Amino acid sequence: RKPESDPSILTFPDIDNDLQTAVEGMYLCGDITGYPLLKISINQAHDLIDRIAAEGVPSPSADVYQLAIVGAGAAGLSAAFAASGRNLNYIVIRGERTANTVRNFHIGKKLFAEPLSLQLKGDLWFEECTREELLERWDTDLSEAGLNIKTGEKVSDIQKGDNGVFEITTTGGTVFRAMRVILAV
């Protein structure tokens, strides 16, 4: 979002220290928070899932997920691995392929695991590598993990009902319901 007073200045959504937006139960992590480094995105998502799991998020019915994760890049995939490891009832919703941004990098692009002083958290592999090495590893890990990822479902709207349940609608008309939402786009 750009302020009308100076459209050349890039601003980011307001979030609190727990990455929660002004809408209770909706969180941001990854590039959308203004930190475009893969390692930071992976760690943000891992830590966010720890906080959400510690809340003891209810699931009021079988058709309501505890958590919906919108996006399947570094942050979204890290969140999915962490949610799976904490036995949360979750779904990842992605309009295109997983790791689509990385897939669109040029062939042979070198990816740096910066900052070097930051220890990687969670189960999503990442270290200095090429685009191809990363995708090969992630594709293998995703295949083996059996994460609940729905691709081809581009989100068009998210509304929070009076009952506290978010309704996430896709351009194809599918509606997913969840108690918490992470935007990891």
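Among the lysines, which fall within straight-line cross-link reach of Lys121, defined as a Cα-Cα distance under 26 Å, with same-chain neighbours fewer than 8 residues apart omitted?
Partners found: Lys39, Lys109, Lys110, Lys150.
Along the charge dipole of segment 115-171, which of Ser117, Thr140, Gly152 sits closest to the positive end, that is, farthest toward it, with unit charges on the beta carbon of Lys, Arg, Asp and Glu (+1, +1, -1, -1)?
Going by the Cα projections, it comes out as Gly152.
Looking only at the chain, where both bridge partners belong to it, what percent of the DSSP beta bridges are antiparallel (to the nearest 5)? Provide the component values of the computation, followed by the final result.
Working: 12 of 27 bridges.
The answer is about 45 percent antiparallel.
For Asp63, what is the net charge nearby, where nearby means another residue's Cβ is under 14 Å from its Cβ and Lys, Arg count +1, Asp, Glu -1?
Neighbour charge sum, excluding Asp63 itself: 0.
So what J values fall out for segment 145-152 if you push phi through Karplus, 6.51 cos²θ - 1.76 cosθ + 1.60 with θ = phi - 60°, rounded to Hz, Gly and Pro as x?
For segment 145-152, the Karplus curve yields 6, x, 5, 7, 10, 10, 9, x Hz.
None of the figures in this text is laboratory data; all of them are computed from the coordinates on show. This one's a predicted model, so the numbers in the text were calculated from it and none came from an experiment. Backbone-built Cβ (ideal geometry, glycine too); neighbour counts: all protein chains shown.
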